[in-house]
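Below: the structure, in structure tokens.
Read-outs: derived from the displayed coordinates by stated rules, not from any lab. The model shown is predicted, which means the values in this text are computed figures rather than measured ones. Here the Cβ is made from the backbone with ideal geometry for all residues, glycine too, and neighbour counts use every protein chain on show.
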Amino acid sequence: MKTPGNFDDMAATCGAAACHPAVPLRLRNNIMDTMAGVVSVDRWAFGEQPTPTGGGGLSSLADSAADTHLRNLCASCHLGRRKREYGPVGEGSRGGGCNACHLRYPQAARDDLTRLEAASPAQRGTVLARFEHPQLRAKVPDESCFGCHSRSGRISLNVLGLREADADAGAPVRTLEDGRHLFAAPGDVHHERGLGCTDCHGSWEVMGDGRAAQHREDQAFLECTDCHRTSPPTLVPFSGLDQESQRLARALGFDIGQRRTPLMRRAPYPVLGAHEVDGGLSFTGRFSGREYPLRPPSPACLGVHARVGCPACHDAWAPQCVSCHTRFDANEVRYDWRDDAEAPGAWLETGGPVFSEPGALGARELSDGGVRFEAFIPGMILTIDRGDGGLSFQRLYAPIAAHTTRREARSCTGCHADSLALGWGRGALTFSPRGRSLEARFTPRFPLRPEDGLPQDAWVAPFTRRGSEATTRSNTRPLSPLEQRRVLAVGVCLSCHRPDTRWLLEGLPTPTARCRALR
């Protein structure tokens with residue numbers, strides 16, 4: 001078998017009875033294989049299903065416009081794509097099943113592979129006789145994530161402090177194999193301190209737990225407050241961990257004495273690197289070997305901000321593309337990633353300017369009736385040309401955890417007096433006297449789109465309402481008119497008063513007579 005670990009042979013190799021027999025089924029329901037959310041949202045955007053949820057995964061793709069679009073442009077980034085050739089995982093790698101994450105080529109193995117490829121048929125036996133075999137590893141490095149996760153939300157780029165821009169932006173710090181130019185930006189503080197992707201995202205998230213997931217949040221259960229606690233965690237000893245976590249803890253050296261590990265809030269799975277120390281929590285880096293004390297959130301994060309998701313304030317920026325045009329050209333030839341073959345007709349995309357700025361604020365309706373405010377970016381401000389003379393336009397935002405986490409938070413005015421945060425788009429937001437009050441006035445930077453009358457980069461018009469039809473989730477929406485006004489009520493105060501920590505801890509001070517008149 002040339003490249004074991006692919007999904008079509010996984011049950012007989014990595015998933016054999018004596019190894020990991022439960023994993024194949026889990027991976028088959030994994031969104032990194034099914035891409036269920038991507039498929040559903042794409043079909044919805046193309047008008048081929050009524051909601052952005054529940055449309056099936058890659059295995060359901062047929063020959064509709066949305067499905068050929070997916071097969072042409074999107075379906076290469078899934079675990080089920082077969083790895084056919086020898087070699088290490090690189091920035092252009094896609095698929096490979098178990099090998100996509102766990103394959104490791106030491107330098108000696110790379111050198112031997114180079115010699116093998118250059119050898120004549122008569123020499124191959126000699127080279128293979130002393131071939132340094134590639135290895136499998138439990139510690140999955142960030143490089144294994146890069147091939148797929150440097151696209152779309154660009155998480156693998158964001159963590160490293162790399163933003164995408166056009167070549168005319170100056171001298172790039174890195175150019176990818178596919179020609180994209182990258183420039184320096186603030187990176188993620190966890191990465192800067194030596195933590196990797198799989199320090200936080202463990203096996204029960206990355207491989208899934210067997211349940212069919214639709215979107216990222218249905219499979220990635222970990223939240224910032226699982227480590228930076230606001231209340232005491234549920235702690236379990238090593239013997240109380242599930243069998244898989246026990247095996248991994250032993251492999252990582254985490255089965256130490258009376259060590260107790262906290263469970264996640266949203267799922268009964270351990271935060272494996274975290275453990276109790278002197279009544280608090282500490283974290284052991286699986287790559288760095290360092291100990292990191294886990295501090296609780298600042299009091300400023302609680303109180304009035306308790307309903308705001310951590311990334312909404314602590315992500316320094318997120319990649320945002322505010323214009324995309326995709327068209328079908330019947331005269332071109334596409335590569336069909338489902339069939340691994342060329343096919344007639346191709347989908348061609350052109351994009352507009354890319355920004356690296358904090359996201360807009362939006363709301364997620366929770367199952368308990370509450371609301372959490374999160375960061376959103378343009379999922380698609382998109383014109384679709386199917387090639388039959390008709391055009392359709394979509395303006396959809398998507399929730400984002402950009403993984404550009406910084407200890408310092410977004411400024412008070414960065415939310416309460418910022419048009420981008422409100423979802424209005426980029427432009428000038430001012431407070432002007434109107435009688436005895438102050439009126440918010442907004443002048444957009446971008447022209448209005450004729451399709452819906454909104455500025456090119458906007459999500460919602462000032463003090464108007466859009467619902468879940470404006471997002472890629474059925475339970476999210478832009479800020480309502482009342483929520484926009486509440487955000488701006490603090491912005492009005494900030495036009496005169498400097499931010500005061502007491503506001504965050506105790507709420508706004510009692511307005512004076514002059515303040516009441518201005519409001």
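Using only side-chain charges placed at the Cβ, +1 for Lys and Arg and -1 for Asp and Glu, the dipole size of the range 61-115 relative to its Cα centre rounds to 140 debye.
Each stretch of four or more DSSP H residues adds -39500 (n - 2.57); spread over every residue of the chain, this sum gives -6000 deg cm²/dmol at 222 nm. Residues whose amide H comes within less than 5 Å of that of Thr234, counting only those at least five positions distant or on another chain, are Leu263 (H built at 1.01 Å from N in the peptide plane). Ordering Ala17, Val140, Pro296 by the projection of their Cα atoms onto the charge dipole of the chain, which places +1 on the Cβ of Lys and Arg and -1 on the Cβ of Asp and Glu, puts Pro296 at the extreme positive end. When the chain is described by a simple charge dipole with +1 on each Lys and Arg Cβ and -1 on each Asp and Glu Cβ, the residue from Leu494, Phe442, Gly427 located farthest towards its positive end is Leu494. Between the labelled values [x] 61, 60, 46; [y] 92, 68, 45; [z] 136, 55, 55, the entry that holds Cα extents along the principal axes in Å as derived from this structure is [y]. Computed from backbone phi, the HN-Hα couplings of the range 256-266 come to 10, x, 9, 3, 10, 10, x, 8, 5, 6, 8 Hz, rounded to whole numbers (Karplus: 6.51 cos²θ - 1.76 cosθ + 1.60, θ = phi - 60°; Gly and Pro given as x).
Under 5 Å from the amide H of Thr471 lie the amide H atoms of Tyr397, each residue being 5 or more positions distant or on a separate chain, with H modelled from the backbone and absent for Pro and chain starts. Only the Cβ atoms of Lys and Arg (+1) and of Asp and Glu (-1) were treated as charged; on that basis the dipole of the range 1-97 about its Cα centre amounts to roughly 260 debye.
In this label model, Gln246 and Leu116 are separated by 3.7 nm, measuring between points 7 Å along each Cα→Cβ vector. Among 440-451, 373-384, 3-14, the peptide with the highest mean count of other Cβ atoms within 10 Å heads the list, and the full ranking is 373-384, 3-14, 440-451.
Model label sites at Arg407 and Ser367, defined 7 Å from Cα along the beta-carbon direction, differ in position by 3.6 nm.
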